[in-house]
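Have a look at the structure below before the remarks.
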Amino acid sequence: MSIASIAGASDTLVTLLAGQLKARPGANPNGYEVKLFRSADYIGPPTNTISLLLYRVDADVARRYGDSAGMPPSSPVKRWQGLELSYLLTVWGQSSASGEQRMLQLCMEILQEFAIVQGSWLSPAYSWSPEDALRISLAPMNHEDLMRLWDGFDLPYQLSVPYLVRTVRIGARESSETPVTSRTLAVGSRVSP
C-alpha cells in the first residue's frame, strides 16, 4: 500500500457511506452529502451534511510493525507500520433533530454492516495490497474528552459518534537487509609494547 494509506482509509469511509446511502431507496430523502472534514471546516453549521473528521492518529498496539512478503516470493520483504485512525462522525441536518438522529443511526448501521472493509470496497483511488483490510468499530470516548474536542471548534456541540479504524498500514518499503542472527562483543583491548 502506498504512503497515502491514511488518506486512502478516509476516502474509503466517505465513499462507503455515500455509496450505501445512494444504494438504499428512500434512505436519504433530504440529500445529505458525506464529506471529510478538517478542523478548519467547523466555521459555520453545515446543512444536510454527514462529516467525518480524522482527529487522531496512533500506533496500532496490536499490529505496530509487520512484514509483507514481496511478489514474487524471491523479491525483498516490505516492512510497514500499523496505525489506528480516530474519526468523529457527525450529522448536520437542516430540518429536525429526529431527522438527524435517523440519519446518524443509518450511518452507524452501515458502518456496523461493513465492520471489515477489504478488496473492492477499499477506495479505488489508492493502491492497496491484497491483504489490506480496515476494521471499523465504535471508539470509547468519555463525555469530557468529547466536549474538549468540540471546544476547539467555533460551533456549538453537535451529536457525534467516535469511530476507530485499524489497521492502516504505512511506510511499506523494500528491505534486502539480512536479519542479524548473532553478534560478537569485544570488551577492552590489548596493547602490545
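The values are calculated or read from the model by the stated rules, or taken from the named source; none is laboratory data. For clarity, every value in this text was computed on a predicted model and none was experimentally measured. Cβ atoms come from the backbone with ideal geometry, glycine included; neighbour counts cover every protein chain shown. Just the protein is used for accessible areas: all its heavy atoms, side chains included, with ligands, DNA and RNA removed. Shrake-Rupley method; radii C 1.70, N 1.55, O 1.52, S 1.80 Å.
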Quiz item: Does the stretch 78-85 contain any residue that is over 26 Å from residue 47 (Cα atoms), open to solvent by 10 Å² or more (accessible area, probe 1.4 Å) and free of Cβ contacts under 8 Å to residues at least 60 places away in the same chain?
Solution: no
Quiz prompt | Odd one out for residue 65 among (1) open to solvent by 60 Å² or more (accessible area, probe 1.4 Å); (2) at pLDDT 80 or above; (3) not aliphatic (A, V, I, L, M) | solution = (2)
Practice problem: Could you figure out which of (1) at pLDDT 85 or above; (2) surrounded by fewer than 17 Cβ atoms within 10 Å (Cβ to Cβ) isn't true of residue 31? | Solution: (1)
Self-check item: Matching residues in the stretch 98-118 - criterion: being of a type outside the set (A, V, I, L, M, F, W, C) and more than 18 Å from the chain's Cα centre (by Cα)
Solution: 98, 99, 100, 101, 102, 105
Practice problem: Name every residue in the stretch 115-142 that is closer than 19 Å to residue 91 by Cβ and open to solvent by 90 Å² or more (accessible area, probe 1.4 Å), in order of residue number. | Solution: 138
Exercise. List every residue pair whose Cβ atoms sit under 6 Å apart, with the two residues 6 or more apart in sequence or on different chains, where the first one lies in the stretch 124-141 and is of a type outside the set (Gly, Ala, Ser) and the second, anywhere, is assigned to a loop (DSSP other than H, G, I, E, B).
Key: 126/4; 128/1; 128/122; 132/1; 136/115
Quiz item: What are the pairs, 6+ residues apart or on separate chains, where a residue within the stretch 18-45 that is under 18 Å from residue 86 (Cβ atoms) has its Cβ under 8 Å from a residue that is of a type in the set (Lys, Arg)?
Solution: 41/35
